[in-house]
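See below for the structure under consideration.
The values are calculated or read from the model by the stated rules, or taken from the named source; none is laboratory data. This structure is a prediction, so every number in the text was calculated from the model and none was measured. Positions of Cβ are generated from backbone atoms using ideal geometry, with glycine treated the same way; all protein chains shown enter the neighbour counts.
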Amino acid sequence: MTSTTPGHPLVRAYLVELARALAPLPPDRANELMDQITTHLEDALPPGAEEQEVAEVLRRLGQPADLAAEAAQPVGRVPHRRRFSVRRLRWRGWTLIALCIALLAGAGDLIALETAPTLEGPGGSIWWYSQDRAREVETDEITGEIVSAVPGRWGQEQGIVVTVTNPSTWTQTILGPVPYMSTPGGVFGVQLAASRVDPFSRPFPFGVHFYAGPVSIPPHATRSLRVLWRTTICQEQGGHAVMESLELRVRVGWVTRKEVVPLAPYWTLNGASPKRFCA
């Protein structure tokens with residue numbers, strides 16, 4: 001049996017019984033509750049609702065006598081369950097609430113990701129090539145800080161290995177250097193590789209394998225980074241190109257950001273001695 005909802009026999013009978021039950025209440029209070037119930041039924045039941053659906057909605061509302069008895073109590077004492085049952089949320093309302101909760105949770109995660117501590121380093125460092133290590137000189141006369149200096153080998157590959165630590169509670173994945181990251185030898189031919197194990201678990205740094213692809217660093221873990229470049233800057237005698245930090249592309253969660261890892265000591269290439277080696 002189907003009918004337009006406001007005229008459905010079950011609804012009409014329910015509203016007549018409700019009007020009788022509300023008769024002892026003050027007229028304003030009775031009319032207010034009657035309007036609320038009528039509006040709720042219009043929202044909850046579409047035109048042509050089946051009798052079973054109508055009966056279920058009326059059952060959830062409760063007996064008219066119970067509604068009237070609760071309405072007769074002081075407003076502050078009306079049970080919350082009944083007050084909310086009069087204005088039940090339909091699926092659109094629940095969907096909107098779920099969407100708001102998801103957006104708020106996502107915004108909280110985004111703030112946490114953006115503000116997560118960046119990588120720290122280095123806990124250890126060394127020149128990668130043996131010919132550079134053999135000619136390394138540490139000095140504080142260039143910048144006032146400790147600087148590890150080696151002669152520039154123009155046109156050849158040079159580089160360093162440093163350790164970095166992830167101090168945050170998020171896994172951080174090193175994607176590579178930022179475009180045109182500056183090195184003592186220039187910005188061209190920069191290659192970044194990282195270890196997938198703690199470097200201090202093996203002889204540093206030659207007992208670990210380096211990988212050029214993205215390498216993830218778990219929370220509070222340490223990894224080795226190898227930074228290589230082809231030296232294309234020709235320094236004059238007495239000239240220096242100091243590298244004080246690494247600029248990396250790092251993914252934290254779904255956020256990709258630039259992280260600047262300070263270096264200590266600093267690294268530099270001394271100017272070439274004979275000028276002819278720069279041509």
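Within region 62-72, the presence of a residue that is modelled with pLDDT under 55, farther than 30 Å from T222 by Cβ and of a type outside the set (A, V, I, L, M, F, W, C) is excluded. Taking the conditions (1) in a loop (DSSP other than H, G, I, E, B); (2) under 27 Å from P151 (Cβ atoms); (3) in contact (Cβ under 8 Å) with a residue 12 or more places away in the chain in turn, R196 satisfies each one other than (2).
Any residue that is touching an Asp or Glu at 6+ places or on another chain (Cβ under 6 Å) and of a type in the set (K, R) - is there at least one of those in region 242-260? No, because not a single residue in region 242-260 is touching an Asp or Glu at 6+ places or on another chain (Cβ under 6 Å) and of a type in the set (K, R).
Of all residues in region 164-206, those being surrounded by fewer than 13 Cβ atoms within 10 Å (Cβ to Cβ), more than 24 Å from the chain's Cα centre (by Cα) and not hydroxyl-bearing (S, T, Y) number 3.
So if I check each of Q158, Q191, which one is touching a helix residue (DSSP H, G or I) at 6+ places or on another chain (Cβ under 8 Å) and of a type in the set (S, T, N, Q)?
Working: Q191 fails: touching a helix residue (DSSP H, G or I) at 6+ places or on another chain (Cβ under 8 Å).
Result of the check over Q158, Q191: Q158.
Consider region 207-240 and keep the residues that are part of a loop (DSSP other than H, G, I, E, B) and of a type in the set (S, T, N, Q). The one that is surrounded by the fewest Cβ atoms within 10 Å (Cβ to Cβ) is Q237. When W170 is tested against (1) assigned to a strand (DSSP E or B); (2) touching a Pro at 6+ places or on another chain (Cβ under 7 Å), exactly one condition is not met: (1).
Evaluate the following for V162: is it assigned to a loop (DSSP other than H, G, I, E, B) and in contact with a Pro (Cβ under 9 Å, 6 or more places away or on another chain)?
Working: assigned to a loop (DSSP other than H, G, I, E, B): no; in contact with a Pro (Cβ under 9 Å, 6 or more places away or on another chain): yes.
Considered against the rule, which asks whether it is assigned to a loop (DSSP other than H, G, I, E, B) and in contact with a Pro (Cβ under 9 Å, 6 or more places away or on another chain), V162 comes out as no.
The set of residues in region 186-222 that are at pLDDT below 90 and either in contact with an Asp or Glu (Cβ under 9 Å, 6 or more places away or on another chain) or outside the structural domain of T165 (by TED's automatic domain parsing) (or both) comprises G189, V208.
The combined condition, being at pLDDT below 90, part of a strand (DSSP E or B) and buried (at least 16 other Cβ atoms within 10 Å of the Cβ), is fulfilled by M243. The set of residues in region 258-279 being surrounded by fewer than 17 Cβ atoms within 10 Å (Cβ to Cβ), among the charged types (D, E, K, R) and at pLDDT 90 or above consists of K258 alone. When region 141-163 is filtered for residues that are surrounded by 21 or more Cβ atoms within 10 Å (Cβ to Cβ), touching a Lys or Arg at 6+ places or on another chain (Cβ under 8 Å) and small (G, A, S), only G159 remains.
Please work out if G253 is within 25 Å of T268 (Cα to Cα), assigned by TED's automatic domain parsing to the domain that holds Y266 and surrounded by 14 or more Cβ atoms within 10 Å (Cβ to Cβ). Don't jump to the end; show me each part of the working.
Details: within 25 Å of T268 (Cα to Cα): no; assigned by TED's automatic domain parsing to the domain that holds Y266: yes; surrounded by 14 or more Cβ atoms within 10 Å (Cβ to Cβ): yes.
Here the answer is no, as G253 does not meet what is asked.
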